[in-house]
1. I want to confirm something. Restricting to region 563-607 and keeping residues that are among the β-branched types (V, I, T) and surrounded by 19 or more Cβ atoms within 10 Å (Cβ to Cβ), which single residue is nearest to E705 (Cα to Cα)?
2. Restricting attention to region 439-460, report how many residues are assigned to a loop (DSSP other than H, G, I, E, B) and farther than 19 Å from V404 by Cβ.
3. Please go through (1) among the charged types (D, E, K, R); (2) modelled with pLDDT of 95 or more; (3) in contact with a strand residue (DSSP E or B) (Cβ under 7 Å, 6 or more places away or on another chain); (4) not in a helix (DSSP H, G or I) for K528 and return the number of the only condition it doesn't satisfy.
4. Would you mention how many residues in region 319-342 are among the small types (G, A, S) and either surrounded by 14 or more Cβ atoms within 10 Å (Cβ to Cβ) or touching a Cys at 6+ places or on another chain (Cβ under 8 Å) (or both)?
5. Within the bounds of region 274-286, is there any residue that is under 23 Å from F191 (Cα atoms), loosely packed, with under 13 Cβ neighbours inside 10 Å and at pLDDT 90 or above?
6. Run down K569, K615 and say which single residue is more than 23 Å from the chain's Cα centre (by Cα), among the charged types (D, E, K, R), assigned to a helix (DSSP H, G or I) and within 30 Å of S46 (Cα to Cα).
7. What are the residues in region 126-154 that are assigned to a loop (DSSP other than H, G, I, E, B) and more than 16 Å from T40 (Cα to Cα), if any?
Amino acid sequence: MVLDNYDPKTREPEIESYWEKEHIYAFDQKSDKPIYSIDTPPPTVSGKMHVGHSFSYAQQDFVIRYKRMKGHNVFYPFGTDDNGLATERLIEKTKKVRARDMPRDEFVSLCLTTLEHELRPQYLADFRRLGLSCDFSIHYTTIDSHSQKISQREFINLYEMGRAYRKDAPAMWCPECNTGISQVECVDQEFKSSFNDIIFFSGQEKLVIATTRPELLPACVAVFFHPTDKRYSHLRGKTAKVPLFNHEVPILEDTRADPEKGTGLVMCCTFGDQVDMEWQKAYNLPIMQAFSGNGKMTAIAQKYEGQNIREARKAMIDDMKAQELLIRSSPITHTVNVHERCGTEVEFIKSKQWFIKYLDMKDHMLEWGRKLHWYPDHMRNRYENWVGGLQWDWLISRQRYSGVPFPIWYCTKCENPVLAKKEDLPVDPLKHKPPIEKCPSCGSTTFEPEKDVLDTWVTSSLTPRLAIELMPEKLWPKLYPMSLRPQAHDIITFWLFNTTFRSNIHYGKNPWHDCLISGWALDPHGKKMSKSKGNIIEPQVIIDKYSADSLRYWASLSKPGDDANTQDKDFVTGQKLVNKLWNASKFTVSHLADYDGKEEKLETMDAWLLIKLNKAIAEATDAFDVYAYNQARASIDIFFWQHLCDNYLEIVKDRLYNPEQRGTRERHSGQVALYHALLSVLKIYAPIIPHITEAIYLDYYAEKEKKKSIHISAWPTVNDKWNNPEAEKAGDLAITVLADVRKQKSERKISLKTEIPTLTITCTKEEEKLLSLVLADLKAATQAKEIAFIRGENITVTF
């Protein structure tokens, strides 16, 4: 049998269609095999698959394909996260609408329709094209009724536990997105600003206070100094006049005022940061709001009302200069919290919000994290650092238009919350009536619905349940806790942490056993990709130019948790492997047409190859077992390129082509080695480059093994019958001799096919004995008519 030509542009899509048609990756609900279940990351539908997706999802797929070949019944669902702000903004952009300018139900309907008919189909097609081995028939979206029901149910459970509560309090706020956000949605970013020394007055005395936020002056409610700071002890009990606005505020002392920072005097504004909130609560200070939720200055800002924060900051600095209230303004670069979705500086605004109480669980959180198996292990530090830095309960309400509704109504008279009945879920309070007619607290018969929606992470933190509850309930105990959570390192604090918390709070156990963490795909210069930098590399372009397998091969070059530069040379390397594997397979299969599958005594070089194969199998298996797919790939790379292609194929050719001179038994021995070597090479490469390996397997091995796909065939195992230390030593010596001959011919600019009348090998008696076992193969490979031996300690070759 001769393999046809292989063009990945046509063959890869054909193979993907074959997998789909034959249900190769379907989860078998009736199987007795051990289950390996994956909490597949549901990618955010905010455009199309990006190269970071292809990097991370390929790496998880390596391991999952391996587990399937090892005999597991793999539960590998695929969901999409499409109820978040990113999706909402994408709809606004693509449809050229603004949610705030439309009736809410019309905008929600537009989102759902666009997702179902336009965005999600292409998104799923991108992931299929990468060659993921998901069971795409097990599918959820975080906005579908199935997910809404589970999300609302677990919110009600949290409320009944006393862990979900509503509070009118200062909360993190994004002025650009006009919504409250949680600590987990904040990232640090550097900004250029100024450090301003401004003058307050206490009577006639000038007090200098340093600040980067002069726009908060209208919301200044106190001035603080440290109790041990003798410079200001005479101010105890006095007041200070706020510049530009002239209202008087108390001067107070507190240990949280740092005497070494600035001038030692600190203004407390409602609200600039966490300390401001602590001071306001501790000293019962008034709350004054300098700007509204959309980032515009409020009426208390007087002449600055309506300006945005940056405009007001500049205007106030200019006015203080003019009124000689500004001593100096020094340019600085400082780090501030920004909303990770839009990059806008985070503010604190007092509003009614829903929270999940979890600060009291920090010790438990650390314990849960330590029970997980982390790959790589050091990624647990990110989890623990996040837990140690938690300052807020989880703010879960969002002032958005599309999302999972809170299942709550409020009594219009006493504001008593009324929750939906679990059997009625999912509900939308804007469309549905509350389950009671009278408020149990005050008897009122009128209610108003909650208009806010749940933070998308409230639903996404339940992905294990969203997936397993698609199955019959009798399977849930076998699927949960799940085997694996694969994800990128940047969302350990978002997704992994919150899922761990939710699982333990609701179900008293960790959601999975293992966590496989991937890094970021960076641009060729090691920089983070962004549209603003113009350095976006699209995986669709890479696949079209090279192949999906070459893209996946690039992803295998990085170990778990490491970032990787996206470089053309790596895709070229991957495509070279695809081409080499096809050509080596064509050669091998062309010589196996009459192979009968019978085993017999092996020639020494054939035994040598299978010993090296045994080692590659053992190394790859051990590596995959600990999620070190990069090490598994490196092991099979060495075997395939060096042992099989560079050396063995050149050695065995003479026996294959000339059975009349070399003997049919010797040829058959070579066939045995080639059959097993190529089959194992294909199987070990299969998790990483699944298309080319499948194509070769289907064209030759599928009929032999009676399997529909290499990906549901058995993983290769070490064959103890192949162990032969003497053959390995002899083969290694033969390779040393062959390499030396090649080197000398190259240096002398002699063709490798040039015949050598006599090849002289200097070696020990033991080495001569070993080399005599491979003499015929060595003569053929080196083109030597005769081989002579002379004694010496260091093996050398002359001709």
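The values are calculated or read from the model by the stated rules, or taken from the named source; none is laboratory data. Because the structure is a prediction, the values reported are computed rather than measured. Using ideal geometry, Cβ is built from the backbone for each residue, glycine included, and neighbour counts are taken over all protein chains shown. These accessible areas exclude ligands, DNA and RNA; they are computed on the full protein's heavy atoms, side chains included. Shrake-Rupley method; radii C 1.70, N 1.55, O 1.52, S 1.80 Å.
1. Start the filter on region 563-607 by keeping residues that are among the β-branched types (V, I, T), which leaves 566, 572-573, 578, 588-589, 604.
Narrowing further to those that are surrounded by 19 or more Cβ atoms within 10 Å (Cβ to Cβ): 566, 578, 588-589, 604.
Numbers: T566: 38, V578: 23, T588: 17, V589: 15, T604: 27 Å.
The selected residue is V589.
2. 8
3. (2)
4. 1
5. no
6. K569
7. Of the residues in region 126-154, the ones assigned to a loop (DSSP other than H, G, I, E, B) are 130-138, 142-144.
Of everything in region 126-154, those that are assigned to a loop (DSSP other than H, G, I, E, B) and more than 16 Å from T40 (Cα to Cα) turn out to be I143, D144.
Residue by residue, here is whether (1) touching a residue at least 12 places away in the same chain (Cβ under 8 Å); (2) among the aliphatic types (A, V, I, L, M) holds:
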{"position": "N658", "(1), (2)": "no, no"}
{"position": "R667", "(1), (2)": "yes, no"}
{"position": "Y685", "(1), (2)": "yes, no"}
{"position": "D699", "(1), (2)": "yes, no"}
{"position": "A714", "(1), (2)": "yes, yes"}
